[in-house]
Amino acid sequence: MIRLDNVSYTYEKGGGVSNVNLSLGDDEYAFLIGPTGSGKTTLLRLIYLDLFPQVGKVEIDKFKSDKIKRRKIPYLRRKIGMVFQDYHLLDDRNLFENIALPLHVIGVEKDEIVERVNDSIEEVGLEGKENHFPMELSGGEQQRACVARALVKDPDIILADEPTGNLDPVTSFELIKLLEEVNREGAAILMASHNYNLIKGRGHRIIEIQNGTVRQS
Ligand SMILES: Nc1ncnc2c1ncn2[C@@H]1O[C@H](COP(=O)(O)OP(=O)(O)OP(=O)(O)O)[C@@H](O)[C@H]1O
Ligand SMILES: [Mg+2]
C-alpha cells in the first residue's frame, strides 16, 4: 500500500531524510521510532505528499509521487487520516465542527455526519466537549480531537505524528489500543514516536530512523 523507493529530501538549511526504502502493507501497524530531529515528521509529510521527494519515489496505492497531478492530491488525502504533531485544529470552530470538517469536504450527508462525528468523539473519550473551541481544550484533549478528526474519515491509512506527546501514560496506552482496534478493522497505521517504552513488547513492527536514515527490524 505504501512504498518508498530510495527517497531523499533535504531542506534548504539541511536536515531531512536520505535513501529511504520502506513498504507498509494494507493491514500493518508499524511504529516509526527515532529521536527528535531524526526525520519522522519529514517522512510522514513525504507519504501524504505534503513534500515531494527530491530523489526517489513514493507510492500510495495507485498514486505515484512522480506522476500525480496536483488536483488529484485531495483524492490521495481522502484515504489517509493524518494526526499532526501540532494538531492543525481551526481556532474558530468548535470540537464538533473541527471533526465534521473532513466529512463536509467530501460531501457526506448531514445526518450521517452527526452520527460519525459523535462516534469518533466517543472513541477518543471527548464526549461532552463538543461545543468547546480548541482554546478551551487541554493539550491532551486537542491531541485526541486531532485523532478523532483522522478516524472520522474511516481512512485506509492512519499517519499519526507523535499522537501521545501530550497524553499521560494511561491515556497514551488507551490511544495505542484504540489504534489497534482501528487496525483490526482494516486500516494500516504508521505512528511516529520517540517514546520506545510506550510501544515495546506489543508485537508491532518497529522502523527506526536516525539522522534521516531508516533502519528496519
Ligand atoms: N520546514 C522545515 N524547514 C527546514 N528544516 C526543517 C523543516 N522541518 C524540519 N526541518 C529539519 O529537518 C530535520 C528533521 O526534522 P523532523 O521534523 O522531520 O524531525 P522529527 O523526527 O519529526 O523530530 P521531532 O521528534 O522533534 O518531531 C531537523 O533537523 C529539522 O531541523
Ligand atoms: Mg516531528
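The values are calculated or read from the model by the stated rules, or taken from the named source; none is laboratory data. Just so we're clear, the structure is a prediction, and the values are computed from it rather than from any experiment. Neighbour counts are summed over all protein chains in view; Cβ atoms, including those assigned to glycine, are modelled from backbone coordinates with ideal geometry.
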Looking across segment 186-216 at residues that are closer than 26 Å to T10 by Cβ and in a loop (DSSP other than H, G, I, E, B), the single one that is nearest to the chain's Cα centre (by Cα) is H194
Answer yes or no: is there a residue in segment 23-33 that is over 23 Å from N183 (Cβ atoms) and surrounded by fewer than 17 Cβ atoms within 10 Å (Cβ to Cβ). no
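Kindly indicate which of G56, G34 is within 16 Å of ligand 1 (Cβ to nearest atom) and in contact (Cβ under 8 Å) with a residue 40 or more places away in the chain. Don't jump to the end; show me each part of the working.
Numbers: G56 fails: within 16 Å of ligand 1 (Cβ to nearest atom).
On inspection, the qualifying residue turns out to be G34.
Among L126, L101, which is in contact (Cβ under 8 Å) with a residue 40 or more places away in the chain and not aromatic (F, W, Y)? Give the derivation first.
Working: L126 fails: in contact (Cβ under 8 Å) with a residue 40 or more places away in the chain.
After applying the criteria, what remains is L101.
Take segment 152-187 and flag every residue that is of a type in the set (A, V, I, L, M) and in contact with a strand residue (DSSP E or B) (Cβ under 6 Å, 6 or more places away or on another chain).
So in segment 152-187, the residues of a type in the set (A, V, I, L, M) come out as 152, 157-160, 167, 170, 175-176, 178-179, 182, 187.
If the condition is that a residue be of a type in the set (A, V, I, L, M) and in contact with a strand residue (DSSP E or B) (Cβ under 6 Å, 6 or more places away or on another chain), then I157, I158, L159, A160, L179, A187 are the ones that fit.
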The residue that is farthest from ligand 2 (Cβ to nearest atom), considering only those in segment 152-185 that are part of a helix (DSSP H, G or I), in contact with a helix residue (DSSP H, G or I) (Cβ under 9 Å, 6 or more places away or on another chain) and farther than 24 Å from T42 by Cβ, is E181
Residue hits (segment 183-204; out of contact with any Lys or Arg (no Cβ under 8 Å at 6 or more places or on another chain) and within 14 Å of M82 (Cβ to Cβ)) are A187, A188, I189, L190, M191
If we keep only residues of segment 1-22 that are away from ligand 1 (no atom under 16 Å from the Cβ) and exposed (fewer than 15 other Cβ atoms within 10 Å of the Cβ), then the residue farthest from P53 (Cα to Cα) is N21
Requiring at least 2 residues that are at pLDDT 95 or above and within 16 Å of ligand 2 (Cβ to nearest atom), the helices (runs of 4 or more DSSP H) wholly within segment 19-136 are 40-47
